[in-house]
Amino acid sequence: MTKILEDYNFKNHGNYDLDNIKNIIVKLSNEWFVNTSRQDTYDTHKNTISYFMYQTDLNWKNGETFLVNAKAEDKKLLELIEPIIKDLEIIHNGVRGNVLFIKLVAGTDIAPHHDGGNYLDCTRRHHVPIITSDKTFFSVGLEKINMATGECWEINNTRLHSVENNSDIDRVHLLIDIMPNKYLEKKNN
């Protein structure tokens, strides 16, 4: 069963100390512009910029080989996010998919939308705020929350969701997709 049929908007999966990650993120500059495919492809994400750690094909379909490519060369940053990824792989009995940092420009939003396609229907999507404020809100369905720094939130991205950054700072989240192994197992005919 994909999450389309599941009755949840948000699930909290704990808290992480992100000080060391934040110290690296605030120093990034050109890294935000290496891969602009997300904001270039999806008008919904026009107010964001992304720094990919790992990337897979959003057009993946059940039954196809699931390939994930390391994109970042920052070994320290990869080392720091690895424990979070590993925790989520265990929770969902799966493997990493897309892992990226997303910056939402101050005073902008991500318009209401829902994600679709095999990859986005199957993966478990998590947001971990690195830099945020009490004026930034994430909505899924009719539920609206303020995600605090370090909290790990799974969202049901197959439902209508949006983000408002009503603050004067750029919001940065770590997005981690986990593909459950049950979708990767070969079926016997």
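The values are calculated or read from the model by the stated rules, or taken from the named source; none is laboratory data. None of the values given here were measured: they were computed from a predicted structure. Cβ sites come from the backbone with ideal geometry, for glycine too, and all protein chains shown count toward neighbours. All accessible areas refer to the heavy atoms of the entire protein, side chains included, with ligands and DNA or RNA removed. Shrake-Rupley method; radii C 1.70, N 1.55, O 1.52, S 1.80 Å.
Table for the structure above
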read-out: Separation in nanometres of the label points that stand 7 Å from Cα toward Cβ, at residue 43 and residue 182; value: 3.7 nm
read-out: Packing rank of 126-139, 34-47, where each peptide gets the mean count of other beta carbons within 10 Å, highest leading; value: 126-139, 34-47
read-out: With every protein chain in place, the chain: carbon and sulfur % of accessible area (1.4 Å); value: 49 percent
read-out: Average accessible area per residue (Å²) across segment 47-123 - probe 1.4 Å, nucleic acids and ligands excluded; value: 47 Å²
read-out: Rough spin-label spacing in nm, given labels placed 7 Å along Cα→Cβ, for residue 29 and residue 73; value: 1.7 nm
read-out: Net lengthening on full extension, residue 106/residue 86 (0.36 nm per residue, minus Cα-Cα); value: 4.1 nm
read-out: Stretch gain in nm, segment residue 135-residue 57, where the contour uses 0.36 nm per residue and the Cα spacing is subtracted; value: 24.8 nm
read-out: 222 nm mean residue ellipticity, helices alone, for the chain (DSSP H n ≥ 4; -39,500 (n - 2.57); rounded to 500); value: -5000 deg cm²/dmol
read-out: Nearest-ten-degree value, helix 75-92 long axis tilted from longest Cα axis of the chain; value: 50 degrees
read-out: Formal net charge of residues neighbouring residue 46 (Cβ-Cβ distance under 14 Å; K, R +1; D, E -1); value: -1
read-out: Prolate/oblate/rounded label for segment 1-155 (Cα gyration tensor, a/c 1.5); value: rounded
